[in-house]
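Peer 1: Mind having a look at this structure? Questions to follow.
The values are calculated or read from the model by the stated rules, or taken from the named source; none is laboratory data. Model, not experiment: these values are computed from the prediction. Note that each Cβ is placed from the backbone with ideal geometry, even for glycine, and that neighbours are counted across all protein chains shown.
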Amino acid sequence: MSFDGLMIHQLVAVRRVTSDDEADLDESGHETVIDEVTTAFWGRVYSKNAREIAQSTQDGASISDHVIRTRNLDLLGIDYITYADPGNPSQVHPTDLRRYEVQAVHIRNDRRGPHHASIEAQLITASPGSIPVEAAS
């Protein structure tokens, strides 16, 4: 099976764009998110096992509990990844509240150059009060 055939999850990368203009600061003086830019892509989400999590934390690195494999993608540590809406793949799924914060991106190369990315990600769970009623029932 080809690499692309293994990509079974329709995902969306979300980049939060902030403003450093003083007029856009919140009441605490922090930057506010003024826009979110989304990029739809196909990937595969894997949970790490306990041994893999222990190995990744030995050097004091950021803790990640999932790996997302995909074709090369422009990602930053401020981005997060979530599942796409099947009806509109460029949008975030309205009821699936799983969100993966990007911890690190490793580009894997083959003889022709960059081939795919392995993204170290931390699953962030939503609070029960933020789950929409139709998803909770």
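Peer 1: Restricting the search to region 85-115, which residues are part of a strand (DSSP E or B), within 17 Å of I68 (Cα to Cα) and out of contact with any Asp or Glu (no Cβ under 7 Å at 6 or more places or on another chain)?
Peer 2: Within region 85-115, R99, Y100, E101, V105, H106, I107, R108, N109, P114, H115 meet the criteria.
Peer 1: Further, regarding this structure: Going through region 7-35 one residue at a time, which ones are at pLDDT 75 or above, in contact with a Lys or Arg (Cβ under 9 Å, 6 or more places away or on another chain) and exposed (fewer than 13 other Cβ atoms within 10 Å of the Cβ)?
Peer 2: Once the filter is applied, which keeps residues that are at pLDDT 75 or above, in contact with a Lys or Arg (Cβ under 9 Å, 6 or more places away or on another chain) and exposed (fewer than 13 other Cβ atoms within 10 Å of the Cβ), region 7-35 yields only I8.
Peer 1: Quick one: in region 61-115, which of the residues that are in contact with a Pro (Cβ under 6 Å, 6 or more places away or on another chain) and polar (S, T, N, Q) is modelled with the highest pLDDT?
Peer 2: My answer is T95.
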